[in-house]
Amino acid sequence: GVASKGDYRHFMLKEIFEQPKVINAALEGRLGEHSVLAESFGPDAQALLANTRQIHIIACGTSYHAGLVARYWLERYAGVPVQVEVASEFRYRHPVVPEGTLFVTLSQSGETADTLAALRFAKRLGYIGSLAICNVPGSSLVRESDLALMTRAGPEIGVASTKAFTTQLVALMLLTLALDKTLGKDARDSDGTKHADIVAALKTLPDICRQVLALDADIEALSQAFAEKHHALFLGRGAHFPIALEGALKLKEISYIHAEGYPAGELKHGPLALVDSEMPVISVAPNDDLLGKLKSNLQEVRARGGQLFVFADENVGIDDTEDDVCVLHLPHVHEALAPLLYTLPLQLLSYHVAVLKGTDVDQPRNLAKSVTVE
Ligand code: G6P
């Protein structure tokens, strides 16, 4: 039937709140007790995954950011080398494809012109096969790929992608676990992360997401600080660097505030020059091995009079004892899944800033839900 907003003021808000449910749907029937079920990728998947020596991921927009997160996951937890590129660049390069490379496209719609053209171009380049991670069954991308994994987010109406992104991340974690299992490289032994622990954490993820969405009123209160600003900087490290990029993209798309995402360690190589009291700096601080580094990057911002907003793990000891730092605590989550969880407060922040600014949240100016012409 025709999608309805129900009690929500905008589709985007409704779709943000649907995430626990659709993440659950994306996992349904795909996890065994301790590992991912290889059948999830279709009957022909096993042979293709077993021959995969590296992966090229191609996508546009928010889907590209999901690909960037997946690089951290696939290399760390499955030991597979990964390159990620936007489709509009890839399709006009002269890429060199190493033997045993799997071509992966990510797309909410499955109809994005550049991504589809990249897939068609890739067929001439000697890849071992193609996998589409997509939200629309029967879309062009799905029909033209060797394998498909559906993200099951349901129809997404808001132009700014939310639930389609987080379910792509779930699908990409399933791919990571499937490759780890199939290739048996035991990349997990090098850092002590157990495949089974990630599987267990995935099962609790919808509930943890619910707890984060319950922070909505706090995030709405915080959004006031942004309504009059012209610029914002998003910082993250490791797998949270792409989450910073995605946070910045959301804010740009719907509130029209200029925003940039930066890897926190690059701050000193340029953007620090822009930091002053008029430049809010938003950072995500999960409990991972880069936390110490991130904390010192945040000190650099404070020392320049920057206004800091930090989404931090409740256990990491980042608190807002000072007036120039505003901290919102998130429940603890397995490190591997933190990028998924930390996406949620950034979505809500952009949403509330856009509402304050009175923009057309679901249909931002100049943008289209699906860009089917080049
Ligand atoms: C458009 C949309 C974005 C989306 C991008 C890629 O720009 O406005 O929200 O991320 O296309 O779309 P896809 O359907 O390929 O994920």
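Restricting attention to segment 39-54, which residues are free of Cβ contacts under 8 Å to residues at least 12 places away in the same chain and assigned to a helix (DSSP H, G or I)?
Glu39, Ala47
For segment 117-155, enumerate the residues that are of a type in the set (Lys, Arg) and either touching a residue at least 12 places away in the same chain (Cβ under 8 Å) or within 24 Å of Gln19 (Cβ to Cβ) (or both).
Once the filter is applied, which keeps residues that are of a type in the set (Lys, Arg) and either touching a residue at least 12 places away in the same chain (Cβ under 8 Å) or within 24 Å of Gln19 (Cβ to Cβ) (or both), segment 117-155 yields Arg120, Arg152.
Please determine whether any residue of segment 178-195 is among the hydroxyl-bearing types (Ser, Thr, Tyr) and near the ligand (Cβ under 10 Å from one of its atoms).
no
For the list (1) out of contact with any helix residue (DSSP H, G or I) (no Cβ under 9 Å at 6 or more places or on another chain); (2) within 16 Å of the ligand (Cβ to nearest atom), I need the number of the one condition that Pro364 fails.
(1)
In segment 58-110, what residues are assigned to a loop (DSSP other than H, G, I, E, B), in contact (Cβ under 8 Å) with a residue 12 or more places away in the chain and more than 18 Å from Leu340 (Cβ to Cβ)?
Cys60, Gly79, Val80, Pro81, Arg91, Pro95, Val97, Pro98, Glu99, Gly100, Ser109, Gly110
Please determine whether any residue of segment 324-347 is over 17 Å from the mean Cα position of the chain (by Cα), at pLDDT 85 or above, in a loop (DSSP other than H, G, I, E, B) and acidic (Asp, Glu).
Checked against the condition, which is being over 17 Å from the mean Cα position of the chain (by Cα), at pLDDT 85 or above, in a loop (DSSP other than H, G, I, E, B) and acidic (Asp, Glu), segment 324-347 yields no hits at all.
Just for segment 226-278: of the residues that are in a helix (DSSP H, G or I) and free of Cβ contacts under 8 Å to residues at least 12 places away in the same chain, which one is nearest to the chain's Cα centre (by Cα)?
Restricting to residues being in a helix (DSSP H, G or I) and free of Cβ contacts under 8 Å to residues at least 12 places away in the same chain, the top hit is Lys252.
Just checking, which of Val136, Val142, Val96, Val104 is more than 15 Å from the ligand (Cβ to nearest atom) and at negative phi?
Testing whether each residue is more than 15 Å from the ligand (Cβ to nearest atom) and at negative phi leaves just Val96.
Could you say whether any residue in segment 111-131 is closer than 23 Å to Thr343 by Cβ, touching a Ser or Thr at 6+ places or on another chain (Cβ under 8 Å) and part of a helix (DSSP H, G or I)?
Yes, segment 111-131 has at least one match.
Being away from the ligand (no atom under 16 Å from the Cβ) and aliphatic (A, V, I, L, M) is the filter here, so list the residues in segment 249-281 that pass it.
Ile257, Ala264, Leu267, Leu272, Ala273, Leu274, Val275, Met279, Val281
The values are calculated or read from the model by the stated rules, or taken from the named source; none is laboratory data. If you're wondering where the values come from, they're calculated on a predicted model, not measured in any experiment. We place every Cβ from the backbone using ideal geometry, glycine too, and count neighbours over all the protein chains shown.
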